[in-house]
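Colleague: What follows is a single structure, and I will ask about it in a moment.
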Amino acid sequence: MEHKDAVRLNAAEKYVLGEMPEAQREEYEEHYFDCAACAEELKATVAFMESGKMVSRERLLVPVAPAEPARERVARPVRGGFFAWLGQPAFAGAFAALLLAVVFVGYQNVVTIPQLKQSLAQANAISIPNHFSLLAAGARGDGEVEVAVRPNEKFELDADFPVTSSATGFVAQIHDALGNIRFAQPVSLEQAKSSVSVHVPGGVLPAGKYNLVLLAQVSEGGSSNTKEVKRLPFTVVFKQ
């Protein structure tokens, strides 16, 4: 699936709501893992659906107006049975308000809340690539992030690149404990202006200790060189 097709189809919303055919769903899953724009849109859509949980809880509570101070009324005989009682002005307004509240609560319970719960359930069931942040570890210079994934499951590592005036581009490499390069991803200057997600395909890294090595491509004295600017440790563990 091309990015323009995902935008035209409003794919993120249809994916979250489960309205996408199976074949199209698989194409979109392959696409958004490699497309940073679609991945961000999908995360934002799911976050919006999650925020609906708070809305549903608030709508389940029907506000009750504070009781008005008791007023002294003159007792009058009521004749004509139940409908004559409704004809009294004092009770007619209260009955209309009660009827409106019953209709409102019924609509919420029958229509609005079930639809919202269904949407939230579908959003919670979506499988989104796992995100693990190395931002804090980079800031402190210590600590080791544990990446808990299933075997052959893809994931993403978030990191910051130190941007310098001499840098012309960047490369994110994953080194194993022996220093071997197991994965590499180029990063442009524009991407490096904000946090970068390194997309690691499933099955590339076995369980073990690794370093995310950030390299800057710099131009000095008419020649281009690559130098390491940051090294962030992490450990991959497999969960059942």
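The values are calculated or read from the model by the stated rules, or taken from the named source; none is laboratory data. Bear in mind that the values here come from a model prediction, so they are computed numbers and not experimental data. Using ideal geometry, Cβ is built from the backbone for each residue, glycine included, and neighbour counts are taken over all protein chains shown.
For every residue, the table says whether it meets (1) modelled with pLDDT under 95; (2) closer than 18 Å to Leu134 by Cα.
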position: Leu178; (1), (2): no, no
position: Ser194; (1), (2): yes, yes
position: Val200; (1), (2): no, yes
position: Asn225; (1), (2): yes, no
position: Val236; (1), (2): no, yes
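Colleague: Sticking with this one: Being touching a Phe, Trp or Tyr at 6+ places or on another chain (Cβ under 9 Å), free of Cβ contacts under 8 Å to residues at least 60 places away in the same chain and aliphatic (A, V, I, L, M) is the filter here; which residues of segment 10-32 pass it?
Modeller: Residues satisfying the conditions are Ala11, Ala12, Met20.
Colleague: Please find, among Phe161, Phe170, Phe155, the residue that is over 26 Å from the mean Cα position of the chain (by Cα), touching a residue at least 40 places away in the same chain (Cβ under 8 Å), closer than 22 Å to Ala36 by Cα and not assigned by TED's automatic domain parsing to the domain that holds Ala36.
Modeller: Phe170
Colleague: Separate question: Filter segment 136-172 for residues that are at pLDDT 90 or above and of a type in the set (Lys, Arg) and give the result.
Modeller: Arg150, Lys154
Colleague: Pull out all pairs, ordered by first then second residue, where Cβ-Cβ is under 8 Å, the residues are six or more apart or on different chains, the first lies in segment 221-240 and is within 30 Å of Glu153 (Cβ to Cβ), and the second is in a strand (DSSP E or B) and acidic (Asp, Glu).
Modeller: Close Cβ pairs (under 8 Å, with a partner that is in a strand (DSSP E or B) and acidic (Asp, Glu)) amount to Phe234/Glu146; Thr235/Glu146; Val237/Glu146.
Colleague: Next question. Out of the helices (runs of 4 or more DSSP H) lying entirely within segment 1-79, which hold 2 or more residues that are surrounded by 14 or more Cβ atoms within 10 Å (Cβ to Cβ) and modelled with pLDDT under 55?
Modeller: Values: elements: 3-8, 11-17, 22-34, 36-59.
In segment 1-79, the matching helices (runs of 4 or more DSSP H) lie at 36-59.
Colleague: Can you tell me which residues in segment 150-205 are of a type in the set (Phe, Trp, Tyr) and touching a helix residue (DSSP H, G or I) at 6+ places or on another chain (Cβ under 9 Å)? So that I can check it myself, show each step before the final result.
Modeller: Looking only at segment 150-205, we keep the residues that are of a type in the set (Phe, Trp, Tyr), and these are 155, 161, 170, 183.
Matches in segment 150-205: Phe161, Phe170.
Colleague: A further question on this structure: Hey, which of the strands (runs of 3 or more DSSP E) in segment 127-232, taking only ones fully inside, have at least 3 residues that are under 30 Å from Ala12 (Cα atoms) and not small (Gly, Ala, Ser)?
Modeller: Fully inside segment 127-232 and qualifying: 130-133, 145-149, 155-159, 167-176, 181-187, 196-200.
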